[in-house]
Amino acid sequence: MAVNRNFRVCPSTGLSYHEPAEKLMRWNAVAAVVSLLVGGVLAVLIVLTRWQAVHLLPPDWFYLLLTAHGLDMLVFWIIFFEIAVLYFCASTLLRCRLAAPNWAWAGFWLMIVGALVNNVAVFRGDSSVMFTSYVPMGAHPAFYLGLILFAVGALIACFVFLGTLAVAKSEKTYHGSVPLVTFGAITAAIIAIFTIASGAIILIPTFLWSVGLIGHIDSLMYRTVWWAFGHSSQQINVAAHVSVWYAIAAIVFGAKPMSEKVSRTAFLLYILFLQLASAHHLLADPGLTSHWKIFNTSYAMYLAVLASMVHGLTVPGAIEVAQRQKGYNKGLFEWLRKAPWGNPSFSAMFISLIGFGFLGGISGVMMGTEQLNLIIHNTIYVPGHFHATVVIGTTLAFMGLTYFLIPTLFRRELMFPGMAKWQPYVFGLGMAGFSLFMMGAGTLGVPRRHWDITFAGNPLAYDGWAGGTAWLMIAAMAICGLLATVGGAMYLLITVGSVFLGKRIATPDFAYVKARDGVAPTMKPVEVAFEAHGSNIGTAGFVAPGTFVLALVFLLSFVLYYFVNWKYLSTVWPLS
Amino acid sequence: MDTASTDSTPANEVPDEPIPAMQQLLDNPFLLLFLGIAMPTVLYIVWGVMEIVGIPIAK
């Protein structure tokens, strides 16, 4: 069979796009944005229901929409976009043809069918089992079947990605090691394969149970294996969005990682230990020993946490060095003040980095401590934490990357550029408030996933909630949530408008060129930002002193918050 | 884009120094795939399932 070796070169970025890879990236990105649109509309309705003063939906609709929102956002939006990122990092960055495009299309259509089947099952009304679908609470068989089809499709895409790496190596489209951004994508793909395999181990028997072929599934066994899928799927996001941070730092600033070795070792720690954090969800479960819980929730003695802190230091550090070498070398923070805050790719990436670290990261480590977890287990604190990691961290990073991809991948000018400047701030600040107030309410004990936190009309009805503070927190959460959905709507308007109605970028010599030797053509050499960090930048012997100060502020916040929670635990759990 | 390491070695130049073991590991995605599957499978799934299976059944 003839191999398609047609490439085009983007005139503004010099990036080479293999024709089938380009189409797959576009289709996956469009499917992702459609999922985000559905999940976003549901988010508005859910927020207006959790806001006790509004309480928009009846309980059955609330649980139905919460299930659909969780799946459309946490699974379909994120993974469709990640597959586009994987193809970009393999085919485009390595200037290589995509391995097995037909298989890639088969995977894509399986994912589409799976997502549709799952959504139909939920909207039928008999599968309101939440994202977690804990047994023995049963859903319609189509619910599980949809997830299995989607997972098989995503698995095929991961192997196409790995196959493309093998093709690039055999056809010598690069020399030495793959770029760091591609290495981050490899990390995401490896975590994805473990995640999907775990999903198959538990969802296939659950599907057979739903159709009556298996009589019983042990609930603790389900929860243990399911979380290897449910939580690890969010660790794919971490690896993917950290790769996007490095990519945007390189795109916007020409920044070179402060140390390739250190950054790659940090990704290796992700590969080895990040998935273990799934045990967070089982800290209150009987039946599993503290040995298992502590070892796993520590991300293997905090080595994967260390990796996140390394990335959180090296990405802004690389930006600082690049900025200082451009002359923004005064004081601690001139490099940051003079950063292009009106460029939505940069502002989205930086807010993502800060929000992920300060809100998502610190709260995640606190939650993973067995004793402290008792304070907030199954409270609304938990969704507060993962909205900080997945929405501010991952979604905002992906939004930032989209603003770069629309001109280069879709060859369209960005519509509403003024709105695009503001979008990351509206979305990021709205979601930061949303997460913070959720975590505040959770600290006061407000339960997650409940239509009515007062349990009105029930024997254990309760509306005390710390003298009304929790009510205030929930209301503030809802207002911030609505602000974030405005930011989400701005993103959708800009991206959908640009892709379908945006002015086509004129490329007079546009053509796909056949590459004879497997290596894509280059219009101009890809620029290497800086070969070495200069010694005449920075202050007090530090090349990136501003980042060092930011890291100290982060560590101080981390330590303070951690010990405040121990103090809080001592007050809610008196020993005398 | 940062493709520094991609272009770090010219095509017609063979490096004379041996590649360090750590770099060989990091350059092998299939070995990394094995490690990334084996570690959580053993430490999280197998260990966890063994603990659940070991719970005495109530009489």
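The numbers here are math on the coordinates, done by the rules we state, and not lab data. Everything numeric here is computed off the predicted structure, so don't read it as measured data. Note that each Cβ is placed from the backbone with ideal geometry, even for glycine, and that neighbours are counted across all protein chains shown.
I'd like the distance separating the alpha-carbon centroids of the range A:13-49 and the range A:266-340, in whole Å. If you average the Cα positions of each part, the centres end up 26 Å apart.
For chain A, the longest principal axis of the alpha carbon atoms and the long axis of helix A:545-572 meet at an angle near 10°. As a rough footprinting exposure proxy, the listed residues B:39, A:473 were ranked by other beta carbons within 10 Å of their own, and the order from fewest upward is B:39, A:473. Reported to the nearest whole Å, the Cα centre-to-centre distance from the range B:23-39 to the range A:145-210 is 14. Calculated on the Cα set of the protein assembly as shown, radius of gyration then Dmax: 24.2, 80 Å. Ordering A:461, A:45, B:54 by Cα displacement along the dipole of the protein assembly as shown toward the positive end leaves A:45 in first place; charges were set at the Cβ atoms of Lys, Arg (+1) and Asp, Glu (-1).
Simple point charges give the picture: +1 on the Cβ of Lys and Arg, -1 on the Cβ of Asp and Glu, and for the range A:16-230 a dipole about the Cα centre of about 400 debye. Note on chain A: with charges restricted to the Cβ of Lys and Arg (+1) and Asp and Glu (-1), its dipole about the Cα centre is near 1400 debye.
For the range A:100-209, the calculated P(r), taken from all Cα-Cα distances in 10 Å bins from zero up to the bin holding the longest distance, is 14, 37, 27, 15, 6, 1 percent.
Normalised by 2.2 N^0.38 Å, where N is the number of residues, the C-alpha radius of gyration of the range A:136-277 stands at 1.27. Taking θ as phi - 60° and the Karplus parameters 6.51, -1.76 and 1.60, the scalar couplings of the range A:378-384 work out to 6, 9, 6, 4, 4, x, x Hz in sequence order, x denoting glycine and proline. Applying the Karplus relation 6.51 cos²θ - 1.76 cosθ + 1.60 with θ = phi - 60° to the range A:139-153 yields 3J(HN,Hα) values of 10, 5, x, 4, 4, 6, 4, x, 5, 5, 4, 4, 5, 5, x Hz, where x marks Gly and Pro. A Förster distance of 51 Å, applied to the separation of the beta-carbon atoms of residue A:571 and residue B:35, puts the FRET efficiency at 0.75.
The calculated pair-distance distribution of the range A:16-230 uses every alpha carbon pair, bins of 5 angstrom beginning at 0, and gives 1, 7, 14, 17, 16, 14, 11, 8, 5, 3, 1, 0, 0 percent.
Please grab the % of Cα pairs in the range A:39-91 that end up more than 12 Å from each other. Walk me through the numbers before you get to the answer.
Working: 915 of 1378 pairs.
Tail fraction, whole percent: 66.
The residue A:504 and residue A:105 beta-carbon pair, evaluated with R₀ = 35 Å, returns a calculated FRET efficiency of approximately 0.90.
Kirkwood-type hydrodynamic radius, the range A:427-484: 11.8 Å, calculated from all non-identical alpha-carbon pairs.
Set the Förster distance to 25 Å, then compute FRET efficiency between residue A:496 and residue A:56 from the Cβ-Cβ distance, nearest 0.05.
The calculated FRET efficiency here is 0.45.
Distance between the 7 Å Cα→Cβ label points at residue A:284 and residue A:552: 4.0 nm. Modelled spin labels at residue A:159 and residue A:291, positioned 7 Å past Cα toward Cβ, are 3.7 nm from each other.
When Rg and Dmax are taken over the Cα atoms of the range A:193-321, they come to 18.3, 61 Å.
Along chain A, counting only GluC sites (Glu not before Pro) with a DSSP assignment other than H, G, I, E or B and at most 14 other Cβ atoms inside a 10 Å radius, the longest segment between sites is A:1-412.
Each of A:256, B:59 was scored by other Cβ atoms within 10 Å of its Cβ. Arranged with the fewest first, they read B:59, A:256. Taking 15 Å as the cut-off, the amide N atoms of the range A:198-239 that come nearer than this to a point 7 Å along the Cα-to-beta-carbon line of residue A:449 belong to A:219-228, A:230-231.
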